[in-house]
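Have a look at the structure below before the remarks.
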Amino acid sequence: MHSTTTTTRTPGFRRLAALAAFAGLAACGGGGGDDRASYTLGGSVGGLATGQSVVLAHSGGEEVAVAANGAFVFARPLADGSAYAVVVKTAPAGAGCVVRNGAGTVAAAAVDTVAVRCAPLATLSDGAWEQDRCRPSADGSVRTLWSFNTPANGPLAAGVGTVNYRNAQCDGVGIALAGPLSGTFWFEPQRTETGAGLAAFWGQRQTFAGGLLNPAVFTPVVLVRKGNHLCLLDDTAVPSVFPNVASLETAVGAAMVAGQCFTPR
């Protein structure tokens, strides 16, 4: 005679089994959650004129419209370890904007170092302009800095300094330092022409080789705005190799590729 044993599962046993199954699922990652801390992504915008706005986007698909100079932040925080890349989706009409410190990885802290700088495309705007080219230095790396000031009467004054970085790639927020007075130059426009995506300013650059106490040296040059870049081209040939805007396209493109041009800081 065979005996049969019957096990009765009580409600309490079923609850324990369910909890054990849930714990096993969570241990295997089956819950699909992300327990990483989240941090905000933002920075600052400068150079907007009254009534202008710029639309920014990042690689996560979110956008933010910024209608005034100052701080901005994207609405949705990013998980720790997330990569990001901020770009200008829509620039203000008649202006160009550049993004610095726009790409990186969230590293257990809020990101507030993205810097967006805008400037009118067809003018030689006052303010700080930083060269694209990054050069090694004793403490890390450096970029050349131009600081423009247009007085009510007189030529455009450009103070020349540096932006110093404590890494080899000019990453992060650099420290702007004024240069020696001998690096300063003045530019007096003589004629202007726009077209083909360029705004060009022909004129004379005035420098003082060896210091301000020495005689001034005048050099024919062309300052060119393309997109949000400012490029300085020598124009010493006679006759000029840049008689019009169309003749500047190739030289400006080469200067941009070589990192010789500047963008608003």
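The values are calculated or read from the model by the stated rules, or taken from the named source; none is laboratory data. A quick note: this is a predicted structure, and the numbers were derived from the prediction, not measured. Because the Cβ atoms are built from the backbone with ideal geometry, glycine has one as well, and the counts that use them run over all protein chains shown. These area figures cover heavy atoms from the full protein model, side chains too; ligands, DNA and RNA do not enter into them. Shrake-Rupley method; radii C 1.70, N 1.55, O 1.52, S 1.80 Å.
Scan the range 103-118 residue by residue and report those that are touching a residue at least 40 places away in the same chain (Cβ under 8 Å) and part of a loop (DSSP other than H, G, I, E, B).
Listed by number, the residues that qualify are VAL106, ALA108, ALA109, ALA110.
Out of the range 119-170, which residues are over 17 Å from GLY203 (Cβ atoms) and of a type in the set (Val, Ile, Thr)?
VAL142, THR144, VAL160, THR162, VAL163, listed by residue number.
So which pairs qualify, if the first residue must be in the range 235-249 and surrounded by 13 or more Cβ atoms within 10 Å (Cβ to Cβ), the second must be assigned to a loop (DSSP other than H, G, I, E, B) and polar (S, T, N, Q), the Cβ gap must be under 9 Å, and the two must be at least 6 apart or on different chains?
SER247/SER240
If only one of ASN153, ASN149, ASN167 is without any contact (Cβ under 8 Å) to a residue 12 or more places away in the chain and over 16 Å from LEU232 (Cα atoms), which one is it? First the steps, then the outcome.
Details: ASN149 fails: without any contact (Cβ under 8 Å) to a residue 12 or more places away in the chain; ASN167 fails: without any contact (Cβ under 8 Å) to a residue 12 or more places away in the chain.
Testing whether each residue is without any contact (Cβ under 8 Å) to a residue 12 or more places away in the chain and over 16 Å from LEU232 (Cα atoms) leaves just ASN153.
Of the residues in the range 65-88, how many are open to solvent by less than 30 Å² (accessible area, probe 1.4 Å), assigned to a strand (DSSP E or B) and among the hydrophobic types (A, V, I, L, M, F, W, C)?
Residues that pass the stated criteria total 5.
Do you know which residues across the range 254-265 are open to solvent by less than 50 Å² (accessible area, probe 1.4 Å), at pLDDT below 95 and either assigned to a helix (DSSP H, G or I) or in contact with a Gly (Cβ under 9 Å, 6 or more places away or on another chain) (or both)?
Residues satisfying the conditions are THR263, PRO264.
Out of ALA91, ALA128, I need the residue that is aliphatic (A, V, I, L, M), open to solvent by less than 50 Å² (accessible area, probe 1.4 Å), touching a strand residue (DSSP E or B) at 6+ places or on another chain (Cβ under 6 Å) and more than 16 Å from ALA57 (Cβ to Cβ). Which one? Give the steps one after another, and end with the answer.
Numbers: ALA91 fails: more than 16 Å from ALA57 (Cβ to Cβ).
After applying the criteria, what remains is ALA128.
Which one of these is in contact (Cβ under 8 Å) with a residue 24 or more places away in the chain and more than 30 Å from GLY197 (Cα to Cα): PRO92, PRO136? Walk me through how you get there before you give the answer.
Details: PRO92 fails: more than 30 Å from GLY197 (Cα to Cα).
Going through PRO92, PRO136 in turn, just one is in contact (Cβ under 8 Å) with a residue 24 or more places away in the chain and more than 30 Å from GLY197 (Cα to Cα): PRO136.
So, of the residues in the range 189-228 that are touching a helix residue (DSSP H, G or I) at 6+ places or on another chain (Cβ under 6 Å) and buried (at least 19 other Cβ atoms within 10 Å of the Cβ), which turns out to be farthest from VAL116 (Cα to Cα)? Can you show your working first?
Restricting attention to the range 189-228, the residues satisfying the condition of being touching a helix residue (DSSP H, G or I) at 6+ places or on another chain (Cβ under 6 Å) are 193, 195-196, 198, 200, 211-212, 224, 226.
Subsequent filtering for residues that are buried (at least 19 other Cβ atoms within 10 Å of the Cβ) retains 198, 200, 224, 226.
Values: LEU198: 22, ALA200: 24, VAL224: 21, LYS226: 17 Å.
Checked the range 189-228; the qualifying residue farthest from VAL116 (Cα to Cα) is ALA200.
For the condition more than 30 Å from GLY43 (Cα to Cα) and within 25 Å of the chain's Cα centre (by Cα), what is the one hit in ALA168, ALA196, ALA178, ALA158?
Details: ALA168 fails: more than 30 Å from GLY43 (Cα to Cα); ALA178 fails: more than 30 Å from GLY43 (Cα to Cα); ALA158 fails: more than 30 Å from GLY43 (Cα to Cα).
Result of the check over ALA168, ALA196, ALA178, ALA158: ALA196.
What pairs come up if the first residue lies in the range 178-195 and is over 17 Å from LEU223 (Cα atoms), the second is among the aliphatic types (A, V, I, L, M), and their beta carbons are under 7 Å apart, counting only those six or more places apart or on different chains?
Note: pairs meeting the criteria are GLY179/VAL160; LEU181/LEU212; SER182/LEU212; GLY183/VAL160.
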